[in-house]
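Structure first, then comments.
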Amino acid sequence: MFINRKFALLITENITMKYHFNEIEKKWQDYWAKNQTFKATNPSSFGGGQEEAPKYYVLDMFPYPSGAGLHVGHPLGYIASDIYARYKRHKGFNVLHPQGYDSFGLPAEQYAIQTGQHPAITTEENIKTYRRQLDQIGFSFDWSREVRTSDPSYYKWTQWIFIQLFNSWYNKDADKAEDITELIKRFSSEGNTNVNAACDDNVTIFSAEEWNGFSSEKQQEILLQYRLTYLAETEVNWCPALGTVLANDEIVNGVSERGGHPVIRKKMTQWSMRISAYAKRLLQGLETIDWPEPLKEIQRNWIGKSVGASVTFNVIPNVTLSAVEGSHKIDVFTTRPDTIFGVSFMTLAPEHELVLQITTPEQRAEVEAYIEATAKRSERDRMADVKTISGAFTGAYAEHPFSKEPIPIWIGDYVLAGYGTGAVMSVPCGDQRDYDFAQHFNIPIPNIFEGVDISEEAFADKENTIIANSDFLNGLSYKKAVKRAIYELEKLGQGQGKTNYRLRDAVFSRQRYWGEPFPVYYVNGMPQMIDAKHLPITLPEVEKYLPTETGEPPLGNAKKWHWLQYGDEANVVSKEEFENSSPLERLGGALELNTMPGWAGSSQYFNRYMDPQNDDEIFSQEAINYWQQVDLYIGGSEHATGHLLYSRFWQKFMFDLGLVPYDEFAKKLINQGMILGTSAFVFKARPFIKIEDRFYGLKEFLNIYFSIDVLNGEEFVENVNGTNLILKWLDEKWPIALEGQESHLFDEEVILALQIRHPNKYDLLNKIKNKVYFKLYQEIRVPVEFVDSSDCLNIDGLVDWSNTQYINARFVGNQDGTFKVKRDVEKMSKSKYNVVNPDNICEQYGADSLRMYEMFLGPLEQYKPWNTAGITGVHNFLKKLWKLYHQSENGSFYVTSSPPSEGLGEALKTLHKTIKKVEEDIENFSFNTSVSTFMIAVNELTAQKCTSKAILEPLLVLISPYAPHIAEELWSQLGHNESISTASFPKFDESHLVESTKNYPISFNGKMRFTMELSLDLSKEDIEEAVLANEKTKEQLQGREPKKVIVVPGKIVNIVG
RNA sequence: GCUGAAGUGGUGGAAUUGGUAGACACGUUGGACUUAAAAUCCAAUGGGCAUUAGCCCGUGCGGGUUCAAGUCCCGCCUUCAGUACCA
């Protein structure tokens, strides 16, 4: 303790002299929090003649607060968006830059199942960690607007939107969602014949009279087929042992990834979202938004638009079947109606509903066996196995719409029940799958392409297609033939042009506890929405977070989970309480047991930030009309088909409802690349002994680890240190009596070779002295914190850290005593020991260094490896920056307000060059190059010994978005009382960059040889003359006459000759 | 297979409309300061030949356009990512 006083004294003396980043950063983070520096103003607060500032909305994809906390890869996007947000504030914008948590999710629930701890508690703890970590990096978030998806005051509105979706249907004529009451009106006045809606495939036609005659339940059932969210039987992957539904990627080889339990396909009643209604608009909308092309492409593929025709084939009635059973139609969708004359068979999915009806008695056994065999195969199996061709003939035939020829109908599992109509017209000459199928089953392959050989494979090239052997389509190109075929089909009443989308409706139910409850109760099996005024319906307490014994979702464990309502009075009660209540004027019933999926809460949060505390509306119209939409959204591309597609869907829905002014929620989106870890490896080696040119391995061997430059890819390596280790070890372990004892050390052959001839220990050790070799056995990862900037391993640190693995280990390194590891770039993860924690970086180098270094690593969108060693570069830069403002003799703050007349020109040039470049860089999201620019500027100003306030003050504003803490500190030392975030961005002045001369590169045949300083006033001719007169030019030409001289004034001179 | 992105020193990367390739850093080597270490500062650093000037080769590979190509065009190779029996 006695040194501390002296030490403390030293610090106080130096506080203004040295760059004490820890103190500075703490100070300003506290200041920002206390003064609410980054609070965004809503229009309602402008008032009092305050002018309405232009708005800018910068948003990060909000995090799931995991227990592991943040690693250095996570904040990359947040830093970029923070720089942009701070920049926009300097540019005079009212910036909305909020943050929150996507706090419902599986890990918390899994943890709850294991420990019994309520997910809300662990989530709260995790959020605290996240908040602390985010705060220490110095983000300019407006925390007063924080939202959490698991907060009832937030998920109230998630439930509210669900109700709106339930109360809506999609009118294809108006091409928008409309209130369900409109649909009910039309049903009761005209039935559903003329209703053009996005609905289930199997709706039955009814008249107004029929509708009005239906029971209430029947009417509700029909309406479910039209609602934008609906209950439907869906096939799911059910794992009985785990009691839950699994996603496709949770199943490996037909069994659950966790535990290896069998998985069956099961039909379950689930909520679904009719996102398919929006397929067309989701696709078209992509044209209007500035999102990365690869991301748009992923969404386009996911939506999967294909243009073609639907064709109806009549099944030829089979004499053995009755007339009713015999008349069937098969609808197919094809993108190639031009190839209709190439059809030589049809293929139905084995699950197709017509299969059993049309199968002839003779084929029945074979077809049923095939159906059974396919049902056993998981979807994943079927997808993975593309090579095996299988199928069965139904015995039935369809009639070709034009040629009236009979076409055999097959079933095959290469046709998917879930896509199109689950049936295809097979054109083997034009589709490789059809071709393979036809070949396998000896079905004819008629050629309908002019001048094309199809003896080897199908011909699928649309561009070069000329149709032949096709009646009225002969000689036509693909495009013309398609049009003509559709025209003829329509004339026949057996088809029409059609656009198909791959996009499926999204299942919205999860058998989980930790998610939003549905605002739904059931009466006679029919779902009823709870009135919005009773929201939120909060998650009930349960004793266990597992499914019930009867296989119900975890909410089935809740003691109180019935809705009971009389008039405005409503409560969640127990089953008994409900059953004992008076049925008179009672509303209610059992509440929904499923919860909503992870993407429910994240599909509208960006709008809620605009007015997050509003308890009466999801957001006020005033707020949404002011903030409008996200101007810049930054996040990972892994959300391309999840969050980003569903959010666009909900936003379009809310647009249809007139709630939001734009039907796209984010104008511009940037995908930040991932920061990868640099793993470190040591080489575990196995010793061998070489006897008569053969290598014999030691059966049991030491924990020996080699440095990369000792053991690098070589087959067998000799090493003195290693050999000594082995000999010493053998010496210690060698039993006094040899016979039979050493067998655990060597392979048997070695024993045979040695035993007889060398019964004496020392004799043997001597004998093998020069014959010990090492071979790489395993590359083992070591924690990167024990590796320094030169890839040298801190062996003591590693041994101290490990409990067992390295306790008795030997490390064989270089002669100079260092031990180098192998480095490899991999995804950052705990199991790879390559995670770098931002806490340590902030402590050691400061948040400003972390922020700058993350940007300095490379372009934002790019994947790039993290290497802590490099951070000293930006850290040194910040120290130099600090020094630039502390140039007095004793190192204290020194800035002159009256600049020396001499030298200011150079400094102004440096400043304005920097302003220009940094502004361009930020606008282009090229943050890495800005950091270099700052380095150059500070290097130049330091060399110029610049102390002028006129230069150093604006420079701080430029740097402040990147390194806000140091900028605030120096700003206050300059005498400012307000945060630097209120300062306006310096104005670029071209006049300071005007040059009178240019150092021209002089090239010969395109190769630069030397440079020449020439006035920029010179004409082309003057330049040419000056260059040709130069001694060096003559030297280069060596007497040759230049054929041509290219002069680009201000750029370059090139001499050809 | 299809779709998309990218290949530049030992490493991360720069070169914005074709005009001095390798900015800015890391690392490495040498030097200064120090009893020493750290910190700091200075110098060198694409490869090769010469070691003084200088010369040759160099942006995945092979061609082409051009006075001039990392950048534009054609053909390939490799890596990464997404996706997959989509009719």
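Bear in mind that the values in this text are calculations on the coordinates, not laboratory data. Keep in mind it's a predicted model, so treat the numbers as computed, not measured. No Cβ is skipped: glycine too gets one built from the backbone with ideal geometry, and neighbour counts run over all protein chains shown.
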_Cβ-placed point charges (K, R +1; D, E -1), dipole of the stretch A:517-594 about Cα centre in debye, nearest 20_ = 100
*Over the Cα atoms of the stretch A:542-610, how large are the radius of gyration and the largest Cα-Cα distance (Dmax), in Å?*
15.8, 45
*asked:* Between the stretch A:833-890 and the stretch A:571-593, how far is it from one alpha carbon centroid to the other, in angstrom?
replied: 61
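Quantify how much of the Cα-Cα distance distribution of chain A extends past 51 Å, in percent. Present the calculation step by step, with values, prior to reporting the outcome.
Working: 255679 of 558096 pairs.
Distances greater than 51 Å cover 46 percent of the Cα pairs.
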*Anchor A:LYS1051: lysines whose Cα lies under 22 Å away (excluding residues fewer than 8 positions away in-chain)*: A:LYS909, A:LYS913, A:LYS916, A:LYS917, A:LYS998, A:LYS1007, A:LYS1020, A:LYS1032, A:LYS1034, A:LYS1043
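Grab the Cα-Cα distance for A:ASP796 and A:LEU974, subtract it from 0.36 nm times how many residues apart they are, and report the gain in nm with one decimal.
Details: separation 178, 0.36 × 178 = 64.08 nm, distance 4.70 nm.
Separation in residues times 0.36 nm, less the Cα-Cα distance, equals 59.4 nm.
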*Using Cα positions and a limit of under 18 Å, work out the aspartates and glutamates in reach of A:LYS883, with same-chain residues fewer than 8 apart set aside.*
A:GLU13, A:GLU23, A:GLU25, A:ASP848, A:GLU940, A:GLU953, A:GLU968, A:GLU969
*Lys/Arg Cβ at +1, Asp/Glu Cβ at -1, dipole of the stretch A:571-640 taken about the Cα centre: which of A:GLN613, A:ASN594, A:VAL573 is farthest positive-ward?*
A:ASN594
_Selected from A:PRO119, A:PHE716, A:TRP271, residue furthest toward positive end of dipole (chain A; charges at beta carbon)_ = A:PHE716
*Percentage relative contact order, the stretch A:45-170, counting C-alpha pairs under 8 Å, at least six apart*: 30
*Applying the Karplus parametrisation 6.51 cos²θ - 1.76 cosθ + 1.60 with θ = phi - 60° to the phi angles of the stretch A:342-351, what ³J(HN,Hα) value in whole Hz is obtained for each residue in order, glycine and proline being reported as x?*
x, 5, 10, 6, 10, 10, 9, 5, x, 7
*Taking a quarter of the surface of the Cα convex hull of the stretch A:328-482, what do you get in nm²?*
9.1
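Give the Kirkwood hydrodynamic radius (Å, one decimal) of the stretch A:143-231, defined as one over the mean of 1/r across all pairs of different Cα atoms. The partial results should precede the final answer.
Values: mean 1/r = 0.0688 Å⁻¹.
That comes to 14.5 Å for the stretch A:143-231.
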*Between rounded, prolate and oblate, where does the stretch A:436-568 land on the alpha carbon gyration tensor, with a ≥ b ≥ c its root eigenvalues, rounded for a/c under 1.5, else prolate if a/b exceeds b/c?*
prolate
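Hey, could you grab the Kirkwood Rh for the stretch A:997-1056? Inverse mean 1/r over distinct alpha carbon pairs, Å, one decimal.
On the way: mean 1/r = 0.0888 Å⁻¹.
Computed over the stretch A:997-1056, the radius equals 11.3 Å.
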*Considering only DSSP beta bridges whose two residues both sit in chain A, what percent are antiparallel, to the nearest 5?*
80
*Separation between the A:GLU399 and A:LYS479 pseudo-spin-labels, each 7 Å from Cα along Cα→Cβ, expressed in nm?*
3.6
*Round to the nearest 0.05 the FRET efficiency obtained for A:THR550 and A:GLN110 when R0 = 25 Å and r is the Cβ-Cβ distance.*
0.70
_Dipole of the stretch A:517-594 [Lys/Arg +1, Asp/Glu -1 at C-beta], most positive-end residue of A:LEU546, A:GLY556, A:TYR522_ = A:LEU546
*Show the residues, 5+ positions off or on another chain, whose built amide H is closer than 5 Å to the amide H of A:ASP413.*
A:SER390
_If I model a spin label as a point 7 Å beyond the Cα along the Cα-Cβ vector, how far apart are those points for A:LYS266 and A:LYS690 in nm?_
6.4
*For the stretch A:258-298, alpha-carbon Rg and Dmax in angstrom*: 17.7, 46
*Report the normalised scattering of the stretch A:855-992 as log10 I(q)/I(0) at q = 0.12, 0.16, 0.17 Å⁻¹, calculated by the Debye formula with identical scatterers on the alpha carbons.*
-0.48, -0.85, -0.96
*Which number do you get for Rg(Cα) / (2.2 N^0.38 Å) in the stretch A:942-1027?*
1.74
_How many angstrom lie between the Cα centre of the stretch A:661-694 and the Cα centre of the stretch A:468-519?_
42
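Report, in listed order, any pair from A:LYS185/A:LYS218; A:LYS91/A:LYS652; A:LYS690/A:LYS820 with a Cα-Cα distance greater than 23 Å.
Working: A:LYS185/A:LYS218 16 Å; A:LYS91/A:LYS652 32 Å; A:LYS690/A:LYS820 27 Å.
In this structure, A:LYS91/A:LYS652; A:LYS690/A:LYS820 exceed 23 Å between Cα atoms.
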*Compute the signed sum of charges (Lys and Arg +1, Asp and Glu -1) over the other residues within less than 11 Å, Cβ to Cβ, of A:PRO292.*
-2
*Given the rule -39500 (n - 2.57) for each run of at least 4 DSSP H residues, summed and divided by the residues of chain A, what is its mean residue ellipticity at 222 nm, to the nearest 500 deg cm²/dmol?*
-10000 deg cm²/dmol
*Kindly provide the trypsin sites (Lys or Arg not before Pro) of the stretch A:46-109 that DSSP labels as loop, not H, G, I, E or B, and whose Cβ sees at most 16 other Cβ atoms within 10 Å.*
A:LYS91
